[in-house]
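The values are calculated or read from the model by the stated rules, or taken from the named source; none is laboratory data. What you see is a predicted model, and the numbers here were worked out from it, not measured in a lab. Neighbour counts run over all protein chains shown; Cβ positions are idealised from the backbone, glycine included. Keep in mind that these areas ignore ligands, DNA and RNA; they rest on the heavy atoms of the full protein, side chains included. Shrake-Rupley method; radii C 1.70, N 1.55, O 1.52, S 1.80 Å.
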Amino acid sequence: MKILKPTFWNKKYHPFAITLLPISLVYQFLFDLKKIFTKQKKFSVPIICVGNIYLGGTGKTPSSIKIFEILRELNMKPVVIKKDYKNHKDEVLLLKKYCETIVCSERSDGITKAIEKKFNVIILDDGYQDFKIKKNISIICFNSQQKLGNGLNIPAGPLRQNLKSLTDCQIIFLNGSKNNNFEEELKKYNSNLNFLYYKYIPENLNDFKNKKLIAFAGIGNPENFFELLKINKLNIIKEIKYPDHYDYSAKDLSYLNDLKNKHSGILITTEKDYMRINSENQKNLHYLKIKINFEKQEFLKQILKQII
C-alpha cells in the first residue's frame with residue numbers, strides 16, 4: 001500500500017524521527033558497506049547521472065528530458081537509461097514521449113545495449129545510488145520547498161543517503177530561486193559544487209484561465225504542483241493529494257469526476273499522473289504541460305560540451 005510522505009520528515013526533533021533514528025543509522029552503515037565493496041565498471045561513452053538523495057519529487061525526470069534536448073542540439077545521439085521498477089511506469093511513459101529511452105532490469109545492461117545501438121552519450125534517470133557504474137558527471141536534484149526535509153536518512157527522514165555522499169556530485173539542480181544559505185550548507189560536504197537554478201514554465205496556461213479547477217496529484221510532493229498553479233493565478237477550488245506513483249482506481253476516477261460535475265469545474269493534474277490513467281478516463285481530465293527554464297542554460301551547455 002502506498003502512503004503519503006509522513007509530515008514528521010520535515011521536523012528533525014519529532015518523536016517519531018528520533019524513535020526511528022537507530023534504524024536510519026543501521027541503514028546508512030549497510031549502504032556505506034555496499035559502496036565500499038562494489039566494483040565500478042567504466043564504459044566507452046560519457047555517462048551523465050541525474051539523481052537525488054531526497055526521496056522523490058525533486059525533478060529528476062524533467063531534468064533528464066531537458067539534458068536530452070540540449071545534447072540533441074549539440075548534435076549528439078543521447079539515450080536515457082531507466083531501471084525497470086514496477087510502480088514507475090509513469091516516468092517511463094513520460095521519458096519515452098520525449099526521449100530515446102531504454103528500460104532495463106540492470107542499468108549496466110542498458111548501457112551496454114545503448115552502446116551496441118550506437119548511442120554516444122548516456123543519461124541515467126536516477127542511478128546516483130548505483131555504485132556499479134562509473135559516471136562522468138553526477139547531478140543531484142533538489143526542490144527549494146522541501147530542500148533536505150529534517151536532514152535525516154530514511155525511515156527517520158526523507159534522505160536516501162547522508163550529505164557526505166555529495167562528495168561524488170559535481171552539480172546541484174535546484175528548482176526555485178537562489179538560496180545562498182542552502183548552497184553554503186551543501187558546500188560543507190563538497191566545496192566544488194556548482195549550483196544551477198531552474199523554474200517550471202507552464203506552456204498551456206490559457207487553457208485553464210477563468211476556470212474552476214479541481215487539482216489532484218500523485219507525485220513525490222503534490223503541494224509543489226498546487227503551488228505552481230497558484231503562482232500562475234489559476235482558480236483552484238479543491239486540492240487532492242495521492243501517494244507518489246499512485247495507481248488510480250475506477251473508484252478514484254469516479255470520485256474525481258463527481259467533483260468535477262458537482263462544482264461545474266475541470267480536473268487538472270500533472271503530465272506524469274496523466275500518463276498513469278487509461279485513455280478512456282483521460283478524456284475527462286487535463287494536465288499542465290511544463291518545460292524547464294534554467295537561469296544559466298548556456299553554462300550547463302558548456303559543461304555538457306566538456307563531458308562529450
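In the chain, excluding the sites themselves, the longest stretch lacking any of the GluC sites (Glu not before Pro) that are in a DSSP loop with at most 15 other Cβ atoms within 10 Å is 1-105. Note on the stretch 171-252: dipole from Cβ charges, positive end direction compared against Leu213, Phe182, Phe225; the farthest Cα belongs to Leu213. Once you reduce the stretch 228-258 and the stretch 289-308 to the center of their Cα atoms, the two points are 32 Å from each other.
Taking 0.36 nm per intervening residue step and subtracting the Cα-Cα distance, what contour gain separates Phe37 from Ile307 on full extension?
94.5 nm
When the pairs Lys82/Lys199; Lys60/Lys241; Lys209/Lys289; Lys11/Lys211 are compared against a 26 Å limit on Cα-Cα distance, Lys11/Lys211 fall above it. Helix hunt in the chain: which complete DSSP H runs extend at least 18 Å axially by C-alpha with mean Kyte-Doolittle at least 1.0? Once both thresholds are applied, what remains is 15-37. Residues whose amide H comes within less than 5 Å of that of Tyr287, counting only those at least five positions distant or on another chain, are Thr269 (H built at 1.01 Å from N in the peptide plane). Each of the chymotrypsin sites (Phe, Trp or Tyr not before Pro) that DSSP puts in a loop and that has at most 15 other Cβ atoms within 10 Å breaks the chain; the longest unbroken stretch is 190-308. With both labels modelled 7 Å from their Cα along Cα-to-Cβ, the Lys178 to Tyr13 distance reads 3.3 nm.
Annotation note: trypsin sites (Lys or Arg not before Pro) in the stretch 19-62 located in DSSP loop regions with a Cβ neighbour count of at most 10 within 10 Å are Lys39, Lys42.
For the stretch 81-147, the set of trypsin sites (Lys or Arg not before Pro) satisfying both a DSSP loop assignment and a count of at most 16 other C-beta atoms within 10 Å is given as Lys117, Lys118, Lys132, Lys134.
For volume of the Cα convex hull per residue in Å³, one of [x] 129; [y] 146; [z] 160 was computed from the structure I shared and the rest are decoys. Which label? Recomputing volume of the Cα convex hull per residue in Å³ here gives the entry labelled [y].
Each Lys and Arg adds +1 at its Cβ and each Asp and Glu adds -1 at its Cβ; summed about the Cα centre, the stretch 4-150 shows a dipole of about 180 debye.
Simple point charges give the picture: +1 on the Cβ of Lys and Arg, -1 on the Cβ of Asp and Glu, and for the chain a dipole about the Cα centre of about 240 debye. Straight-line reach from Lys305: taking Cα to Cα under 14 Å and skipping same-chain neighbours fewer than 8 places apart, the aspartates and glutamates in range are Glu69, Glu73. Protein heavy-atom accessible surface, 1.4 Å probe, per residue over the stretch 1-85: 59 Å². The listed residues Thr101, Thr61, Thr7, Thr167, once ranked by accessible area (1.4 Å probe) with the largest placed first, stand as Thr7, Thr167, Thr101, Thr61.
Assuming R0 = 30 Å, can you tell me the calculated FRET efficiency for the pair Lys212 and Lys251, based on Cβ-Cβ distance, to the nearest 0.05? Efficiency for this residue pair is about 0.85. In the chain, a dipole from Cβ-located charges (positive for Lys and Arg, negative for Asp and Glu) runs towards its positive end, and of Tyr274, Tyr13, Asn192 it is Asn192 whose Cα lies farthest in that direction. When the square roots of the Cα gyration tensor eigenvalues are ordered a ≥ b ≥ c, the ratio a/c for the stretch 204-276 is 1.5 or more and a/b does not exceed b/c, which makes its shape oblate. Taking amide H as placed 1.01 Å from N in the peptide plane, the amide H of Val121 sits under 5 Å from that of Lys77, Val79, each at least 5 places away or on another chain. For trypsin sites (Lys or Arg not before Pro), the sites in the stretch 228-308 that DSSP calls loop and that have at most 15 other Cβ atoms within 10 Å are Lys233, Lys283, Lys289, Lys296.
Between the residues His88, Asn235, Leu166, the greatest Cα displacement towards the positive end of the dipole of the chain, with unit charges on the Cβ of Lys, Arg, Asp and Glu, is found for Leu166. Between Asn75 and Lys289, the FRET efficiency from the beta-carbon distance, with R0 = 22 Å, is close to 0.25. When a 1.4 Å probe is rolled over the protein heavy atoms, the share of accessible surface on the stretch 135-245 that falls to carbon and sulfur comes to 41 percent.
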